[in-house]
Amino acid sequence: MALRLADWSDVRRHAEIVVFNDHLADPSAVIERLRPFDVVCVMRERTPLPREILQQLPNLKLIASTGPRNASIDSPAATDLGIAVTATGYDATPTIEFTWSLILASMRGIDHEAASLKAGGWQTGLGSNLRGKTLGVVGLGNIGNEVARIGLAFGMKVIAWSQNLTAEKASAAGAVLVDKQTLFREADVVTIHLVLSGRTRGLVGGSELASMKPTARLVNTSRAPIVDEAALIEALQARRIAGAAIDVFDVEPLPPDHPFRKLQNLLATPHIGYVTEDLYRTFYGDAADNIAKWLEANASAA
């Protein structure tokens, strides 16, 4: 996809391009693979590049990352080691749209009904309306704000909370500011739109899940560690909530024997919230331009 969706001709004039399609989790394997390269182009937050790895890549001079920021790259270490890091443009539209894909699919049981039909069956259950329900938005940033707006279009009541959210900002998005406990207690759908940080890691745990309605659903297209994975598995296994729809995981790719793969009340997708052709054209088009400019500059300097 990277080579098909962007023009790499300016890069090829100065360098050989090697593409890897598999994921390596072992740091020593990552080091062994990347050691020969002067430039590495990485998909945002797929492969961690901490100091321990970067300092063992003596040839590396440029990391071309997709997206505006990449928390898996140790930027201070890169600076210390003389490694440049570039970013690309971004559009939140795919994630906003995908969040609503998950909400709608979960509320109507679309995954189960489609699987039943393909297996030779027919209708298997009852779905739920969105109109009249309460949407709880955790985080009203660029994505959360748009998710809230769409919730209003569906005729939902929208409530919101985050650590620094004000009543004025919530009102501007058509939402009502509530405290965290109230949001989890009253929402029929809780959707998470926060940046992962020390403050947000484990923000949704056993107590929050326990306060949710037994008919409520949790949706996470943000970052997995914001939700305590073990607590979510326990809540779903005990059917304390109606279900969850998630696109992000503590370990990616998800291990084959992970409990998430067996839960009937979980709709899970393989971190595809931002994976659209439109956004990939931006990602790889900008990355190719960044690499070409760097190569040109260094060729001139040489």
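A few notes on this one:
- Qualifying residue in segment 109-130 (condition: under 24 Å from residue 202 (Cβ atoms) and of a type in the set (A, V, I, L, M)): no
- Selection status of residue 104, within 20 Å of the chain's Cα centre (by Cα), surrounded by fewer than 20 Cβ atoms within 10 Å (Cβ to Cβ) and more than 23 Å from residue 280 (Cβ to Cβ): yes
- Single residue of segment 40-79 satisfying the filter (hydrophobic (A, V, I, L, M, F, W, C) and touching a Lys or Arg at 6+ places or on another chain (Cβ under 7 Å)) that is nearest to residue 299 (Cα to Cα): 57
- Residues in segment 29-54 that are farther than 18 Å from residue 17 by Cβ, modelled with pLDDT of 95 or more and crowded, with 16+ Cβ neighbours inside 10 Å: 30, 31, 49, 53, 54.
- Residue match in segment 178-185 (condition: out of contact with any Ser or Thr (no Cβ under 6 Å at 6 or more places or on another chain) and closer than 22 Å to residue 259 by Cβ): no
- Tallying residues that are touching a residue at least 12 places away in the same chain (Cβ under 8 Å) and more than 30 Å from residue 222 (Cβ to Cβ) within segment 14-30 yields 4.
- Residue check, residue 103 assigned to a helix (DSSP H, G or I), closer than 30 Å to residue 192 by Cβ and touching a residue at least 40 places away in the same chain (Cβ under 8 Å): yes
- Of all residues in segment 107-120, those satisfying the criterion of being out of contact with any Gly (no Cβ under 7 Å at 6 or more places or on another chain) and either surrounded by 11 or more Cβ atoms within 10 Å (Cβ to Cβ) or modelled with pLDDT under 95 (or both) are 110, 111, 113, 114, 115, 116, 117.
Residue by residue, here is whether (1) aromatic (Phe, Trp, Tyr); (2) modelled with pLDDT under 95; (3) within 25 Å of residue 48 (Cα to Cα); (4) in the same structural domain as residue 19 (by TED's automatic domain parsing) holds:
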residue	(1), (2), (3), (4)
204	no, no, yes, no
211	no, no, no, no
214	no, no, no, no
218	no, no, no, no
239	no, no, no, no
243	no, no, no, no
280	yes, no, yes, yes
284	yes, no, yes, yes
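- Checking residue 257 against (1) in contact (Cβ under 8 Å) with a residue 40 or more places away in the chain; (2) surrounded by fewer than 19 Cβ atoms within 10 Å (Cβ to Cβ), the condition it does not meet: (1)
- Cβ separations smaller than 9 Å between residues 6+ apart or across chains give the following pairs from segment 203-221 residues that are farther than 14 Å from residue 242 by Cα and assigned to a strand (DSSP E or B) to residues that are modelled with pLDDT of 95 or more and polar (S, T, N, Q): 204/220; 220/191.
- Residues considered: 242, 224. Of these, the only one that is out of contact with any Leu (no Cβ under 7 Å at 6 or more places or on another chain), closer than 23 Å to residue 65 by Cβ and aliphatic (A, V, I, L, M) is 224.
- One residue alone among 135, 54, 104, 140 is touching a Gly at 6+ places or on another chain (Cβ under 7 Å) and either closer than 25 Å to residue 223 by Cα or basic (Lys, Arg) (or both), and that residue is 135.
- Test: residue in segment 222-244 that is under 26 Å from residue 163 (Cβ atoms), under 16 Å from the mean Cα position of the chain (by Cα) and in a strand (DSSP E or B): yes
The values are calculated or read from the model by the stated rules, or taken from the named source; none is laboratory data. If you're wondering where the values come from, they're calculated on a predicted model, not measured in any experiment. When we count neighbours, we look across all protein chains shown, and the Cβ atoms used for this are built from the backbone with ideal geometry, even at glycine.
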